[in-house]
Amino acid sequence: MEAVIRVRDVVNRFGAQVVHDGVSFEVCRGEIFGIVGGSGSGKSVLLRTMLGLRYPDSGSVEVEGRDLSSMHREELREIKRRYGVTFQQGALFSSLSVAENLTLPVAEAMDLEEDVYASLVELRLRMVGLPLDTAAKFPAQLSGGMVKRVALARALALDPVLLFLDEPTAGLDPIAASEFDELVLYLRRALDLTIVMVTHDLDTLSRTCDRVAVLVDRRVIVDTLPRIQKNEHPWIREYFHGPRGQRISAAGGHVGA
Amino acid sequence: MAFAAETDAAAGRLRLTDDCRMADLPVLADALAGLREAAPRELQVDLTHAGEFDIGPAWLLRTALEQARAADRSARIEGQPPGHFAFFDELPDPGAGAAAESQADSWLIRFGRAIDYRVGNSITSLGFGGRTLVTAARVSTSLRRLRLPSIVRHAYETGVQAIPVVAVIAFLIAIILAYIGAQQLRQFGAEIFTVDLVAIGVLRELGVLLTAIMVAGRTGSAYAAELGVMKLNDEVDALESLGLDPFEVLVLPRVLGLVIAMPLLTIVADAMGLAGGALLTTLLIDLPSAQYLARLDSAISDTTFWAGLIKAPVFGVLIALTGTMRGLQVRESSRELGRLTTVAVVQAIFLVIFADALFAIFFLEIDF
């Protein structure tokens with residue numbers, strides 16, 4: 001499998017505190033790659049490093065074969081256009097309507113007629129399964145599930161090849177969360193997206209992710225979910241075989257589908 | 001080779017070559033717009049030399065084909081249609097179409113709504129002030145519920161920290177007043193009355209008014225923004241759910257803090273204003289400072305200083321109430337926060353000047 005992101009021996013420190021000490025893994029084209037870890041294990045720092053928002057103290061991150069840290073600012077911006085990112089709280093611009101939120105990234109990149117923008121808004125809304133009258137609403141008028149969907153639609157606005165989702169199902173009810181899982185799977189299948197997601201939701205993890213990276217002891221363990229679950233590391237045992245994890249194991253998981 | 005779109009508008013032919021990425025959207029959109037204007041009888045899209053499509057461009061192409069078909073014109077694709085067309089077929093039904101644009105209301109409805117808004121606003125303001133007063137009365141029985149540390153903090157932030165800017169402004173305004181006064185009064189040989197002008201002007205009106213305007217800009221906006229962000233973060237609801245009254249915890253300490261700070265700031269402004277007047281009269285009309293003091297003493301009566309100072313706490317209440325009320329009205333979006341912060345400052349300044357006018361008439365009538 002071709003690697004889209006290659007993280008090599010990444011070390012991240014804040015002063016004397018070492019967050020990552022030699023983290024290496026690859027994300028392959030077309031897969032959904034989950035990242036889990038306890039609070040403070042450096043999930044967000046890793047995500048920021050992969051996004052090029054933070055340079056690692058040593059080691060390298062390559063996206064599509066090109067090293068992020070040796071890139072020019074122009075090149076970096078070019079490659080960021082190929083990313084789509086959603087944030088935990090949605091991070092929709094609260095003073096703009098949904099349509100304006102979806103138009104902003106396109107309008108910043110290119111000059112088009114109004115009706116073309118409107119047509120693209122319709123496309124993105126339909127892609128994430130929202131009714132078209134959502135376009136005129138403001139973020140404050142949307143439910144939590146709709147906010148996540150609009151955030152996803154905005155992340156898709158420039159047809160990215162790579163999608164980063166930070167806790168996409170956090171704060172959603174189980175029905176909305178599993179609908180979101182299906183949406184992610186559907187978009188991956190239909191659009192050949194590569195998706196990296198940070199999540200704490202064990203259901204989402206077992207339903208969507210092909211491979212999982214677990215951040216423990218400043219390092220990373222990457223494998224498919226069933227094999228990770230057999231890992232003897234105490235934190236991993238606690239994570240997957242604690243009271244919440246039991247349920248998933250009992251259901252057998254859907255990994256590797 | 002880069003993406004290219006060749007059109008033959010008359011014949012309705014569109015020929016696309018190479019990969020069509022999101023960045024090529026403007027080229028494609030232009031070509032399609034040209035074809036739509038020409039409205040040929042049939043639309044033919046030649047994709048035999050086209051490469052891969054991104055979703056955005058594929059969607060535009062498909063929309064154009066569907067529009068042509070809807071207008072009873074034939075639309076054909078030569079070659080392989082983009083793979084995303086199958087994805088578009090799968091897309092769930094969008095449900096109800098976009099809501100119809102709400103019709104513009106007649107002027108009568110808008111006029112009525114504006115009146116309703118204004119009247120509602122005034123009632124809300126009165127209610128807000130009343131509730132603060134009731135809270136003050138209820139809380140005044142217990143020192144602990146008065147929240148002294150909070151009051152002191154607000155008095156410090158709105159008073160002590162504002163001293164430099166208020167002092168400088170008062171000093172400069174007094175200089176301007178003395179300068180213009182001396183110039184005009186010289187025509188009548190009455191330069192000595194510059195002292196009267198500066199002393200009465202600063203003590204009765206300008207000291208307190210300028211302080212209030214500065215504080216409205218500084219503190220009124222800060223109160224509105226602080227409470228607005230708390231409102232957006234549901235912190236106000238959290239307080240209420242803990243059984244705490246936002247008026248007791250948030251509004252009253254701010255009002256009382258400013259009621260303490262405003263008179264103190266006014267005294268600073270008065271002192272700096274008189275100092276500025278003294279400097280300028282010494283320089284402009286060669287009046288020794290001993291004589292300035294003597295002239296000052298006879299210029300002002302017992303009440304001049306108090307006529308200014310007595311207004312300070314009233315202005316403080318107006319500014320604090322406007323700021324906190326607008327802050328608590330914020331809901332939903334960051335734009336609201338900006339709008340209401342502006343409203344808070346503008347209204348506070350308006351109210352201060354309006355109240356000042358009432359004071360002027362009142363003092364005149366009672367000969368204060």
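Rule-based calculations on the coordinates, nothing more; no lab input. Worth saying up front: this structure is predicted, and the values here are computed from it rather than measured. Ideal geometry is used to build each Cβ from the backbone, glycine not excepted, and the neighbour counts take in all protein chains shown.
Roughly what angle does helix B:148-158 make with the longest principal axis of chain B, taking Cα atoms, 0 to 90 degrees, to the nearest 10?
Approximately 80 degrees, to the nearest ten.
Per the helix-only calculation at 222 nm, which mean residue ellipticity applies to chain B, given -39500 (n - 2.57) for every DSSP H run of n ≥ 4 and division by its residues, nearest 500 deg cm²/dmol?
-21500 deg cm²/dmol
Return the long-range amide H neighbours of B:E78 (sequence gap of 5 or more, or a different chain), with a cut-off of under 5 Å between placed amide H atoms.
Placed amide hydrogens put B:V45, B:D46, B:L47 under 5 Å from B:E78.
For helix A:174-191, report the angle its Cα long axis makes with the longest principal axis of the Cα atoms of chain A; keep it between 0 and 90° and round to the nearest 10°.
80 degrees
Have a look at A:S44, A:L76, A:F87 and report the one farthest towards the positive end of the charge dipole of chain A, computed about the Cα centre with Cβ charges (Lys/Arg +1, Asp/Glu -1).
Result: A:S44.
Please report how far the C-alpha centroid of segment B:1-76 lies from that of segment B:207-253, rounded to the nearest whole angstrom.
For segment B:1-76 versus segment B:207-253, the Cα centre distance is 57 Å.
Taking chain B as the reference, fit the longest principal axis to its C-alpha atoms, fit the long axis of helix B:25-38 to the helix C-alpha atoms, and give the angle between the two in degrees, 0 to 90, nearest 10.
Helix B:25-38 and the main axis of chain B meet at about 70 degrees.
How many Cβ atoms of partner chains, on average, are near each residue of A:92-99 if near means within 10 Å of its Cβ?
For this peptide, the per-residue mean of nearby foreign Cβ atoms is 3.
Give the long-range amide H neighbours of A:M197: residues separated by 5 or more places, or on another chain, with amide H under 5 Å away, using H modelled in the peptide plane at 1.01 Å from N.
Those lying under 5 Å, H to H, from A:M197 are A:F33, A:G34, A:I35, A:L165.
For chain B, set up a Gaussian network in which alpha carbons nearer than 10 Å are linked by springs, and say which option among B:R339, B:R295, B:R73 fluctuates the most.
In the Gaussian network model the winner is B:R73.
What is the set of long-range amide H partners of A:V4 at a cut-off below 5 Å, with H atoms built 1.01 Å from backbone N?
Amide H to amide H, under 5 Å and 5 or more residues apart or across chains, A:V4 pairs with A:V27, A:C28, A:R29.
Give me the distance in nm between label points sitting 7 Å out from Cα along the Cα-to-Cβ direction at B:D19 and B:F85, one decimal.
2.2 nm
Using a cut-off of under 14 Å, list every residue of segment B:293-337 whose amide N is near the label point 7 Å from the Cα of B:E205 along the Cα-to-beta-carbon line.
B:308
For the pair A:E232/A:S39, report the inter-label distance in nm, with labels modelled 7 Å from Cα in the Cβ direction.
That separation, rounded to one decimal, is 3.1 nm.
Please list, by residue number, every one of the chymotrypsin sites (Phe, Trp or Tyr not before Pro) in segment B:259-318 that is coil in DSSP and has at most 14 other beta-carbon atoms within 10 Å.
Filter output for segment B:259-318: empty list.
Report the label-to-label distance for B:I163 and A:S143 in nanometres (one decimal), using points 7 Å from each Cα along the Cα→Cβ vector.
Calculated label separation equals 5.7 nm.
Could you let me know the centre-to-centre spacing of segment A:102-126 and segment A:170-188, using Cα atoms, in angstrom?
Rounded to whole Å, the Cα centres lie 25 Å apart.
Which of the listed residues, B:V317, A:L183, A:V27, is farthest toward the dipole's positive end in the protein assembly as shown, when Lys, Arg count +1 and Asp, Glu count -1 at the beta-carbon?
B:V317
At a Förster radius of 41 Å, what calculated FRET efficiency corresponds to the Cβ-Cβ distance of B:L293 and B:S122, to the nearest 0.05?
Here the calculated transfer efficiency is 0.30.
Output ³J(HN,Hα) for segment B:240-249: one whole-Hz value per residue in order, computed from phi by the Karplus curve 6.51 cos²θ - 1.76 cosθ + 1.60 with θ = phi - 60°, and x for Gly and Pro.
These are the phi-based 3J(HN,Hα) values: 5, 5, 7, x, 9, 8, x, 5, 6, 8 Hz.
Per-residue HN-Hα couplings for segment A:31-43, Karplus 6.51 cos²θ - 1.76 cosθ + 1.60 at θ = phi - 60°, whole Hz, x for Gly and Pro?
9, 9, 10, x, 10, 10, x, x, 4, x, 7, x, 5
Count neighbours as other Cβ atoms within 10 Å of each site's Cβ, and list the chymotrypsin sites (Phe, Trp or Tyr not before Pro) in segment B:166-274 that are DSSP loop with at most 12 such neighbours.
B:F188
Can you tell which of A:D133, A:D201, A:D115 shows the greatest fluctuation in a Gaussian network model of chain A with Cα springs below 10 Å?
In the Gaussian network model the winner is A:D115.
Anyone know which of B:P246, B:P164, B:P57 comes out most mobile in the 10 Å Cα GNM of chain B?
Between B:P246, B:P164, B:P57, it is B:P57 that shows the largest mean-square fluctuation.
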